[in-house]
1. What percentages make up the Cα-Cα pair-distance distribution of the chain when the bins are 20 Å wide from 0?
2. For region 356-410, what class follows from the C-alpha gyration tensor (a ≥ b ≥ c being the square roots of its eigenvalues): rounded when a/c is under 1.5, otherwise prolate if a/b is larger than b/c, else oblate?
3. Please compute the length gained on full extension between Met39 and Glu270, using 0.36 nm multiplied by the number of residues separating them and subtracting their Cα-Cα distance.
4. Rg(Cα) of region 212-275 divided by 2.2 N^0.38 Å?
5. For region 623-704, what's the radius of gyration and Dmax over Cα atoms, in angstrom?
6. Taking the Cα atoms of region 491-544, what is the range of coordinates along each of the three principal axes, in descending order and whole Å?
7. Along the charge dipole of region 135-264, Cβ charges K/R +1 and D/E -1, which of Asn151, Ala258, Gly162 sits furthest on the positive end?
8. Structure shown: which of Lys82/Lys138; Lys82/Lys244; Lys380/Lys427; Lys138/Lys350 lie over 23 Å apart, alpha-carbon to alpha-carbon?
Amino acid sequence: MSAGPPPLRYTGMRIKRLEDPRLLTGRGRYLDDLGLPRMLVASFVRSPYAHARIVRIDTAAARALPGIVAVVTADDLRAVTKPLAPRLDGRGFTPTAWPALADGVARFGGEAVAAVVATDPYVAADARELVTVEWEAKPVVASIDQALASNQILFQRRHRQGDVDGAFARAAIVLRQTFEHGRCAPSPLEPRGILADWDGDALTIWSANQAPSIMRTALADALGLPHAQVRIVSPDVGGGFGLKMQVFPEDVAVAALARRLGRPVKWLEERRENLAAASQARAQRTAVEIAAAADGTVLALRSRVMSDNGAYHAYPTTGVLEPLGTASIMPGPYRITAYEFEALALATNKPPLGAYRGVGMTMGAFVAERMLDLVAERLKLDPADVRRRNLIPREAYPFTSATGYTYDSGDYPKALEEALAAVEYDKLRREQEAARAEGRLVGIGIACYTEYTGMGSAGFRRRGAVEVPGIEAATVTVDADATVRCALSFPTQGQGHATTIAQIVADRLGLALEDVRLQRVDTAESPRGSGTFASRGTVAMLGTAAVAADRVGDKLRALAAHRLEAAAPDVELAGGRAFVRSIALAEITRIAYSPPRDGLPDGLAPGLEATVYCDLPGPTFSGAVHVAVVEVDPGTGRVTVRRYALVEDCGRVINPLIVEGQIHGAVAQGIGEALLESVVYDDDGQLLTATLMDYALPRADDLPLLEIGHLETPSPITPGGVKGMGEGGTIGAPATIANAVADAVRHLGVQITTLPIRPESLLGRSVTGRERPT
């Protein structure tokens, strides 16, 4: 791999970009583009307090405004809605109930307490300002320390594997450190929203939700409706990043309003609402101890993972996601056999933590990789050598981690060497020494990580998740004109599903990619499933759409064999034709829908359609090695990423273009997380970063060109050997950048233990508060 783009590795399939052209020409149909006759719009009155009792709500002035149709509070919805109360099997879980509108008490600043419905969005916005609420402020829990002191535990789990105490007793060195990660906001380009229509008998919802089947279940249960009376339709999605896999009280409220008023109701979230009231991420403190031998071999780990969960469990994920994800993945791709942890989710007066790209795993990688660098520093070893001595060798797979995960395949030693060779690591170190002699603060960071992907029901049940089914499904239909429709159980949120599905299905049916069309998810027509999240899409496609296409292909071969008077196994499908001797595939497909005089072959029914349900076999484990070069401005503390390279292993690569697009986006988010993004609250639980002027997202000039290499170690447990990879860059980049910055300023006595890394922390004080030596 050189500084330029590496060669792309193909798998034998035809590679071509095939996205819906409407998304490139401004003809996409997002939620904001949708409208229905007699449609109303909703706007929410939100709590200005982090914790307060609602004494009285006066809606008279708002109701009097022309154009206002209704103003409702919890009193109006209590009898017709149930709170969102996700469940978790297993010990240590304390449930919460998140009502459609705050009922008696608001538990975080921004929680919805009333809903205004109007004929016009501007009227609705004006009216919400006229709703007056009398409040009685209550004590606020705004930090992990306060939550621990008051025993506000929503989830607690402990785990021990191996002789941890013995390993620490015989270790040459023992290091202890505490790491923190600030809150992040997923911040999709398109915020949340919903359009609900009640026709008197059934509820239809248009939503950019990532998990339509889960949303249908949640809304049906919250509204007391049979599942068959709730339909979810997915329009185009303007980004999700995990935020939109969840169901929120606003969704329940808008659906209830449409049912109550007998008219369609739409709500579109404003950016301030998104930053204040949507689920957030990270918000964690981890205290960790590491025991190592004199040569840098890690003997054992201990960790206590504490997450600032917020006031409620997010639906359906619960507060388990961050702390248990971090704790369970912390051993990473290393031969660490002795490990114990305690994972805690703590209730605070903030919005709940939820799914966000790399959830839990980002903090796990950050902590583990920083500790490996501290081991290298203490033992005066090169960070690359410490990793060489600890990485799981390829021949050791499948490998059972100290937390019980079975890593199915990987070759991290090779990935490490390829990544180091790509950046000419030894030369980089010499250049760093020269730069430091000139007074420049240049650092090199390395991080290795593994991520669980492609998780099915067994993986979710292992965590205790109840509301996430784990299955997926696909229906493949070949029409009479030899074009194909494919309906999945999960929508696309920009990952290139239309391209990937076209490749998979067209390859199996011998058709052109343009002949395959991915339909929008509509729960009235699409098969039931779980959703698009947690890097499951590719594994799901190979387990469902590929199998369904194979079944339809078998039927096509049988029909062609009958027509051509040949044996079905001798028939080949390619180029839109069926071969023993050539016959147009469209001629065969017409027969399936309009049988000839002598009928269809025995055992074949009309039609060309197959639906396949699949319980994903994972988790399967992807991973990568990242290397970054940064420079810190000694005057301002600004960090510039000079170079960034990585070698990714996601099993068999179906479409390199899409894989690399996912890597680019994820690394961009990871760099933003490492250096810029932080949701900040004061001691009273008041949000201080309420706009994108304050919450700093990464810009193009914050990012380097990426050098990407691919290593393929096929999974032995998934169809086609594929693995998920959509979150990897977000997992690896923060740890890599943190190690690089720490390397740049280590000689100044500055420690990097907190994300994001603020420029001021690199100037006068370390991020742990210790004065810089003079």
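1. Per 20 Å bin, starting at zero, the Cα-Cα P(r) for the chain comes out as 16, 47, 30, 7, 0 percent.
2. oblate
3. 81.3 nm
4. Cα-based Rg divided by the globular estimate yields 1.16.
5. Rg, Dmax (Cα atoms, Å): 16.2, 50.
6. Answer, in whole Å and largest first: 30, 25, 20 Å.
7. Gly162
8. Exceeds cut-off: Lys82/Lys138.
The values are calculated or read from the model by the stated rules, or taken from the named source; none is laboratory data. These numbers come from a predicted model, not from an experiment. Methodologically, a virtual Cβ is constructed for each residue, glycine included, from the backbone with ideal geometry; neighbour enumeration extends over all protein chains shown. We work out accessible area using only protein heavy atoms, side chains counted, and drop any ligands, DNA or RNA first. Shrake-Rupley method; radii C 1.70, N 1.55, O 1.52, S 1.80 Å.
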